[in-house]
Amino acid sequence: MSAAVKITGLSKSYRHIRVLDRVSFNVEKGELFGLIGPDGAGKSTLYKILATLLTPDSGEARICGLDVVRDYKRLRTHIGYMPERFSLYQDLTVMENLNFFASLFGVTVKENYDLIAPVFSQLEKFPNRMAGALSGGMKQKLALSCALIHRPDILLLDEPTTGVDAVSRSEFWDMLSTLKENGMTIMVSTSYMDEATRCERIAMINNGKILAVDSPTALVENLDENLYNAVGGDMFGLLSRLKTLRGVVDCYTFGATLHLVADKNFSADETVGLLRNSGLPDVRIYPAIGNIEDLFIKEIRNGK
């Protein structure tokens, strides 16, 4: 495969704050690629540069062989961009928004309807509803339809599932999988670590720096840590106590449990006995299977 997106040494600062720090990675043609990181990691700034809305301080980014700075006018016809915040006209109806964005690119909804049909089908029931009156999930589908209406070569989706319910999130990723199967290149950013598994490859970003780039499976295989679940009735007390014990490298909340990273001197049975004798009688510690979130925490802990 050839690179649809090629990013080399990209940096961006706002005054004295470095938001992107020599970011480099490629996205292959036809790939569903994820940019994974917490709020404030630099994801939106990178997407605005790729969408030709910001210029980098240094480095280069090319999409479909075109430079995002020099060739920005030509490049905009190749890109479908969905920003983090709902950016459509809330005082226009569903169809008015869609027709407006089609007209910007000199196309009609009819000629490209086959591409948006899987996304737009649920919106067809209320074409005259104001965009501002739509639910979060429906706003998301309308924004995606408007980003697709001109048949872009690459789709840039910045935090598209933020604030959307779990069912709509799952439906959205199913729609992206369908678009990918039809050959579209998709870059999607998210702060939801569980969404990483829906991507073919991901780049992990924090404080403007790329921590790692690979498939989710390959990245988790390199976790290489002694990882345990820890649970008990007093979770806060358990967390506080575990952090002081010998053999515990790190301990952090993980859903309804704690995840405990241990060194070679750690003994789960001895630790459980010690904790129970110290006033935490219902503690359990048992092996855990790591995922992308654990890897991300490890990378940050190691100072990357």
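The values are calculated or read from the model by the stated rules, or taken from the named source; none is laboratory data. Everything quoted here is computed from the prediction, not taken from an experiment. Heads up, the Cβs are rebuilt from the backbone with ideal geometry, glycines too, and the neighbour counts pull from every protein chain shown. Areas reflect the complete protein model, heavy atoms only, side chains present, ligands, DNA and RNA absent. Shrake-Rupley method; radii C 1.70, N 1.55, O 1.52, S 1.80 Å.
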Look through Val23, Val5, Val19 and report the one residue that is aliphatic (A, V, I, L, M), within 19 Å of Lys180 (Cα to Cα), within 24 Å of the chain's Cα centre (by Cα) and not in a helix (DSSP H, G or I).
Val5
Would you mention how many residues in segment 107-142 are open to solvent by 30 Å² or more (accessible area, probe 1.4 Å) and under 23 Å from the mean Cα position of the chain (by Cα)?
5
Determine, yes or no, whether Leu157 is crowded, with 21+ Cβ neighbours inside 10 Å and closer than 17 Å to Met187 by Cα.
yes
Where residues in segment 272-293 are touching a strand residue (DSSP E or B) at 6+ places or on another chain (Cβ under 6 Å) and open to solvent by less than 60 Å² (accessible area, probe 1.4 Å), which of them is nearest to Pro38 (Cα to Cα)?
Gly290
Is it true that Met204 is farther than 23 Å from Asn302 by Cα and not charged (D, E, K, R)?
no
Taking only pairs six or more apart or across chains, which ones have beta-carbon atoms under 7 Å, a first residue in segment 130-158 that is more than 29 Å from Arg62 (Cβ to Cβ), and a second residue that is basic (Lys, Arg) and assigned to a helix (DSSP H, G or I)?
Ala131/Lys139
Taking the criterion of being within 18 Å of Met184 (Cβ to Cβ), in contact with a Lys or Arg (Cβ under 7 Å, 6 or more places away or on another chain) and not polar (S, T, N, Q), would at least one residue in segment 96-105 satisfy it?
no
Please specify each residue of segment 171-216 satisfying the condition of being open to solvent by 40 Å² or more (accessible area, probe 1.4 Å), hydroxyl-bearing (Ser, Thr, Tyr) and out of contact with any Ser or Thr (no Cβ under 9 Å at 6 or more places or on another chain).
Thr178
Sole residue being more than 30 Å from Leu10 (Cα to Cα), open to solvent by less than 60 Å² (accessible area, probe 1.4 Å) and out of contact with any helix residue (DSSP H, G or I) (no Cβ under 7 Å at 6 or more places or on another chain), chosen from Thr257, Thr244:
Thr257
Conditions: (1) on the phi > 0 side of the Ramachandran plot; (2) open to solvent by less than 80 Å² (accessible area, probe 1.4 Å); (3) among the charged types (D, E, K, R). Arg22 meets all but one. Number of the miss?
(2)
Is it the case that Gly30 is under 14 Å from Ile210 (Cα atoms) and either buried (at least 21 other Cβ atoms within 10 Å of the Cβ) or of a type in the set (Gly, Ala, Ser) (or both)?
no
Taking segment 42-54 on its own, how many of its residues are buried (at least 23 other Cβ atoms within 10 Å of the Cβ) and in a loop (DSSP other than H, G, I, E, B)?
1
Taking the options Leu98, Leu104, name whichever one is surrounded by fewer than 20 Cβ atoms within 10 Å (Cβ to Cβ) and among the hydrophobic types (A, V, I, L, M, F, W, C).
Leu104
Residue ID - nearest to Glu96 (Cα to Cα), chosen from residues in segment 159-168 that are among the hydrophobic types (A, V, I, L, M, F, W, C) and touching a residue at least 12 places away in the same chain (Cβ under 8 Å)
Val164
What number goes with the only condition from (1) surrounded by 16 or more Cβ atoms within 10 Å (Cβ to Cβ); (2) without any contact (Cβ under 8 Å) to a residue 24 or more places away in the chain; (3) polar (S, T, N, Q) that Asn265 does not pass?
(1)
Between Ser87, Ser2, which is farther than 27 Å from Ser215 by Cβ and among the small types (Gly, Ala, Ser)?
Ser87
Under 7 Å between Cβ atoms, which residue pairs at least 6 apart in sequence (or on different chains) link something in segment 220-244 that is over 17 Å from Leu274 (Cα atoms) with a partner that is of a type in the set (Val, Ile, Thr)?
Val220/Ile292; Glu225/Val261; Asn226/Val261; Leu227/Val261
List, please: which pairs have Cβ atoms under 6 Å, are six or more places apart or on different chains, and start with a residue in segment 94-110 that is farther than 14 Å from Leu148 by Cβ and end with one that is assigned to a loop (DSSP other than H, G, I, E, B) and open to solvent by 70 Å² or more (accessible area, probe 1.4 Å)?
Val94/Arg129
